[in-house]
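Right, one structure below, let's go through it.
The values are calculated or read from the model by the stated rules, or taken from the named source; none is laboratory data. Keep in mind that this is a model prediction, so the values were computed, not measured. Note that each Cβ is placed from the backbone with ideal geometry, even for glycine, and that neighbours are counted across all protein chains shown. Quick note on the areas: whole protein, heavy atoms, side chains included, nothing else; ligands and nucleic acids left out. Shrake-Rupley method; radii C 1.70, N 1.55, O 1.52, S 1.80 Å.
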Amino acid sequence: MASSYGSLAKEAIVLLDRFRAGRQCLDDFMEEASKDLQNMETVHQKFILDVVSGCIEQTKLLDVVVNVFYGQNGRCLSRGDRSQLVIICYLATFSLDDLGLQRFSNIIKSLDIKKMHTFLTFFFTNLTTWIQDEWNNIYEAAYVEKLWVGPLLRWRPEMDILLDQLAVKISHGIHVKKAHIKTTEPQEFSLTKPKPRPLPVPEVIPLQEKSKPVPDSTYKAPKEMQMIEEIKQKNLQKTEELLYEANMKQFRCVNPQKSEHTKRAMSQIKEGLDSKLKFNSFHSSGNPSSNKTNSWPIKLNSAAILRQGALYDRQVEEELQRMERLVEGALEPSSFLQWQKEMRERDLQEELAKIERRRLEGRISYEEAAMAHTRIMERNQKVAQLKKEETAQLMRSYAEKRMQEEKEIRDLMQQVAEGHKNSKAAKERIQKFKQSIVREVSEQRRELLRQALEEAQAELSRKFEIIREIRAIQSLPHIRVRNFDDTETAGHELLGEMSLVELKERLALLGDAQQTEQQEKREHILEEKQNKKQLLLEQLDTIELHRRALAQAAAIRKEERKSRPFYRQGMTHDETVLALQKKLEEKQQERQRLKQTQSKKAKPSEPTAAHTVRNTGTHNKESLTDTSWEELELSFERHIQKDAPSVVSQTETLKT
C-alpha cells in the first residue's frame, strides 16, 4: 500500500498540469477528473482528488515558496517540475500527519531524488524566517503558527533523517557513475611520409567565341499578359457600373418612396426640433461697439491689471514709509548714491578705454595677417606656373602614346571581324528554332486563359443573381402593429413605476425647475461680472496715473543725460589708445603700398588705382571709428540703466 503512493502522486501531478486557472472552473475540472479515475479504487481516487483540489485552493501559500525557489534555482529546473514541487509542498504542509513518514518518503523516492532533496532543504531551512512572515501577511499569525508551522517543526528531526538518506543515495549514485567511466588511451598513428606531388603541366586555355547577347524579349513580359490585364480592367469597370445601377435604381417589385403626407409630417417634426434648439437666443448680446473707450497701446487681461495695480499700491506704501522714516530723523542716502554713481561712471570709462585698446590691437593683427596672406599668394602663383609647364609636357607625351595604342587595337579588331562572318548562319538557324517553340507555348497559354476567363464570368453572373434576390427581399417593408396606451403602467409592480403620461409631466416640471435655477445662476454671474469690471476700471485709472508720473520722471532724466559731457573726450586723452591708433594707421599705409605694387605689376596702364584705394581706406577708417564710438555710447547707456533699476527710460514707458 505504501509503495503505491508514488504512482498516485504522479497521477496527481498529471492532473494538476492539466488544470488552467483562468479558463476552467474547479468544480467542473474535479467532475471530469473523477470520471477519468473511475477504474481506480475509491481510496486512491479520493487521495488524488483531495491533493489536486487542495493544491488549487491553497495556491497563494504554495506559490510563496515555489516562486522564490524557482528564482534561486531556476537554471536547474524546468516548467514541468513546478507541479511536482507544489504537490510535495502541499503534502508536507497539510497532509504529513495523515500520511505518515513512511508514505511521504516513498513518494519522495519515486520522484527525482536530487530535486526533492534540494527543495525540502530549502523549505525547512527558511520555514521559520521569511516563509512564516509571508504566510502571516495572508492569514493571521496565530492561525499559521498553530496549524502549519508548529506541526512542521515537530516533524523536523524525522525530516533531517530523510534528507540525510537522500544525500547518501545521491552521493552513492555519483560514485557508481564515476566508476563505470572508461577513459580513452591515445595511440600513435602509423603514418608514412607522402611523396611530393609533381607540378602539373599547365593546360592550354582555348580561345572562346564571343557569346551571343541575350535577346530583349527575355526580359519583357508577353503581350498576352497585357491583354488579359486589359480584359480584367474592362470587366471590373462593367461590374462596378452594374453594381452602381443596382444600388441607385429601384426594384420593380417594391416602391420604397415615401408618400406626400409622410414627407409633410417629417418636415413638421424637423421644424419643431429646430425651434426647440433656440432656447438661448433671448440671452444673446448684440454686436460689439466699434467705438473704443480706452486708448491702451496693449490690451491687458484682468490678471495683469490686478497684478500691476498691486505693484503700484506696494510702491506707494513703500514711498510713504520712506517719507515717515525721513520725518522721524533717518538719513537720506542721496549723497552715497551720487558717489556710487560717479565711481561707476569712472569704472565704465576705464572699461570703455580697455575695449577700445583691444579693438585697435585686433585691427593691427588683421592688417599684419592680410600682408602675410598677400606674400603667400605671390609665392603660390610662382609654384603653380611651374606645375602647369610640367603637366603640359606630360600630357603631350601621353597623347602620343595613346595614339600608338589605338592604332594597334584597330588592326587587331579588323582581324577579329573576319572570324565572326562564319558563325552567322548557325545563329540564324538557332533563332528560327527558338521562335517556333515560343509560338507553340503562346498558343497553349492563350487557350488556358480563355477557359479560365469563361469560368470566372459564369461565377460572377451567378453571384450577381444571388445579390439581386437578397436585395429584393431586404427591400420589402416590415409591417408591425403596436397597441400602446400612454396612461397605463407596464405592470412590473416596481416601487416607482409610472405611466408614460405621468413620466412626461414630471419631466416637464423638472425642466421648469432647472430653467428657473439656471436663470438665477445667470443673474448672479452677471452681477459678479459687473463688480469685477468696476474693480478693473479703478485699477486701470491708478495704473494710468502712475505711468504718467514715470514718463515725466524719465523725460527729466533724459534731459539731464543730454546735458552731460560725452566720455569720448576722456578716452581720446589715453596715451596707449593714441599709440595704437598711430600704429594702426602705419600698418594700413604699408598694406596699401603692397596693393599698389601688385596693381602696377598687373595693370601698368592704370596709375591712379593706388590713390583711389588710399582714399577709400581712409574713408572706411573714419566710418569705422564713428560707428565704434556710437556703440560705446549705447553700451554705456545700457550699463547705467542696468545699475539703476528704479530708473525707467522714456522709451520703455512709451512702449508700455
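One table, with the values for the structure above:
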| item | result |
| --- | --- |
| Exceeding the 18 Å Cα-Cα cut-off - candidates LYS114/LYS169; LYS341/LYS558; LYS109/LYS169; LYS220/LYS427; LYS10/LYS169; LYS238/LYS463 | LYS220/LYS427; LYS10/LYS169 |
| Over region 105-160, volume per residue of the alpha carbon convex hull, in Å³ | 90 |
| Protection proxy ranking of 128-138, 352-362 - average other beta-carbon atoms within 10 Å, highest first | 352-362, 128-138 |
| FRET efficiency, GLN457 to ALA265 (Cβ-Cβ, R0 51 Å, nearest 0.05) | 0.60 |
| Approximate shape of region 46-110 as ellipsoid semi-axes (Cα gyration tensor, √5λ), whole Å, largest first | 21, 14, 10 |
| Values of log10 I(q)/I(0), in the order q = 0.12, 0.16, 0.22 Å⁻¹, for region 430-503 under a Debye, Cα-only, solvent-free model | -0.71, -0.82, -0.99 |
| Solvent exposure, largest accessible area first (probe 1.4 Å, DNA, RNA and ligands not counted), of THR93, THR125 | THR125, THR93 |
| Protection proxy ranking, peptides 7-19, 27-39, average beta carbon neighbours within 10 Å, highest first | 7-19, 27-39 |
| From the C-alpha gyration tensor of region 342-475, square roots of 5λ in Å | 85, 55, 5 |
| Projected-area mean, region 1-134, by convex hull of Cα positions, square nanometres | 8.3 |
| Using a Förster distance of 41 Å, the FRET efficiency for GLU523-LEU320 (Cβ separation, nearest 0.05) | 0.50 |
